[in-house]
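Quick one: structure below, then a few questions.
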Amino acid sequence: MDKQRDFVLRTIEERGVKFVRLWFTDVTGTLKSVALAPAEVEGAFAEGLGFDGSAIEGLTRTYESDLLAQPDPSTFQILPWRGEIDPTARMFCDLTTPDGQPAVADPRHVLKRTLAKAADRGFTFYTHPEVEFYLLKSSRLGANGQPEPVDSAGYFDNVPGGTAHDFRRRSVRMLEDIGISVEYSHHEGGPGQNEIDLRYADALATADNIMTFRTVIKEVAIEQGVYATFMPKPLSGQPGSGMHTHMSLFEGDSNAFYEEGAEYQLSRVGRQFIAGLLKHANEITAVTNQFVNSYKRLWGGDEAPSFICWGRSNRSALIRIPLYKPNKSQSTRIEYRALDSAANPYLAYSLMLAAGLKGIEEGYELPPEAEDNVWSLTETERRALGYAPLPASLDHALEYMAESELVAETLGEQVFQYFLNNKRKEWADYRAQVTPFELNTNLEML
């Protein structure tokens, strides 16, 4: 840690960095930032930076408001979009109380705590997200009352000279400059919809990378005169934006999900992990899909998973087993498809890991796989096969979450209660709206 701190201080001086942004998130995953002058960084390493936690969503109660932001020097990066004019860097922070204890409502700490639980069992948790988002002409609605995409292209379309093509190239270069490795990028199925996939990393690094990724995408969009949104379902009748995440557990250098000769080369540990995710899927959905709008994606078709089942290369299932690559044991993994691009990655990955670990600890049995397109089955057929639905609304998901011991234990009491209260208010506000749909269908008729 001392070497890392020395490296940061030396780099600040050598690169002429003028501002250092300290980053952390609130409970719902909104990025927070405070800029330090270079001369203050050494003091922040030694003592942390004090702030009023009660002013940040869900971090503290008013009567215990003082918190410290402790910068993590291993996350230091110079922000490339700032250029050479007033060079600016960033570091993620761990939040602590004045006496040095981890802040119980710090989402990054929630993930660290769950990763430590996995480490006690000899596991390292690796994740690889496929992040989808829409590029729009503006944040304002068009003449038809809908957002206006920058193009009308579709899945894997090549649009020479098009906005999305240039945008992805610029974004990928910027992500690589900041130390975030990109596997590939392409146009997605919706007009103006894009996907950029980040390389495998441990879950804490991935969560940090996702928060940085969102900022990079927003900054590049501003630079190019367009608007980027991670809203789960911004366009009616078009695909939603998911964040399908590939996951695996490693024991040292060995993939704990791999077993040579097993069906799909998937080990008993891997099967139990999937069983844990399936059993607890309803309970964690309020966090993996935390907005009212999230359920427009989950129940809007277009390959979004709506039913709790698993299958090999089955894109209608909640959990997919990607095709095994011969002689590559490290590649055995599972893909969780419900998560959307607007989730708080620290809390979502904590719960996904906790659910999988519970399956291993309790020896859950994996149900039979789904071989059919689950969407094409009738409700009676799905019921007969045991494919239960995911929650149909945020309200429905919160009911499952409120009764979940797993979620309460993983998030901790303060995060658990704040999240529930915050999202219940969102649902109440939404339910009180009179929508254009109601006016268009009822006003003249009734």
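The values are calculated or read from the model by the stated rules, or taken from the named source; none is laboratory data. Nothing here was measured: the structure is a model prediction, and the numbers come from that model. Ideal geometry is used to build each Cβ from the backbone, glycine not excepted, and the neighbour counts take in all protein chains shown.
Considering only the range 186-210, state which residues are in contact (Cβ under 8 Å) with a residue 40 or more places away in the chain, within 26 Å of T75 (Cβ to Cβ) and surrounded by fewer than 20 Cβ atoms within 10 Å (Cβ to Cβ).
Correct list: D197, R199, Y200, A201, D202.
Just checking: which of the strands (runs of 3 or more DSSP E) contained wholly in the range 107-207 hold 1 or more residues that are modelled with pLDDT under 90?
Values: elements: 124-136, 182-187, 193-198.
Qualifying strands (runs of 3 or more DSSP E): 182-187.
Which of the residues belonging to the range 389-446 are of a type in the set (D, E) and closer than 30 Å to N144 by Cβ? Walk me through how you get there before you give the answer.
The initial filter retains those residues of the range 389-446 that are of a type in the set (D, E), namely 395, 399, 403, 405, 409, 413, 426, 429, 438, 444.
Selection gives D395, E426, D429, E438, E444.
Looking at A221, A286, which one is surrounded by fewer than 24 Cβ atoms within 10 Å (Cβ to Cβ), in a helix (DSSP H, G or I) and small (G, A, S)?
Working: A286 fails: surrounded by fewer than 24 Cβ atoms within 10 Å (Cβ to Cβ).
Answer to the check: A221.
Follow-up. Working carefully through the options A221, A275, A281, find the one that is small (G, A, S), touching a residue at least 40 places away in the same chain (Cβ under 8 Å), in contact with a Leu (Cβ under 8 Å, 6 or more places away or on another chain) and closer than 30 Å to L135 by Cβ.
On the way: A275 fails: closer than 30 Å to L135 by Cβ; A281 fails: closer than 30 Å to L135 by Cβ.
One residue alone meets the criteria, A221.
Let me ask another. In the range 231-258, how many residues are among the acidic types (D, E) and either assigned to a strand (DSSP E or B) or under 20 Å from E362 (Cα atoms) (or both)? Reasoning before the result, please.
In the first step, residues of the range 231-258 are kept if they are among the acidic types (D, E); the result is 251, 253.
Going one step further and asking which of them are either assigned to a strand (DSSP E or B) or under 20 Å from E362 (Cα atoms) (or both), we end up with 251.
Summing the residues that are among the acidic types (D, E) and either assigned to a strand (DSSP E or B) or under 20 Å from E362 (Cα atoms) (or both) in the range 231-258 gives 1.
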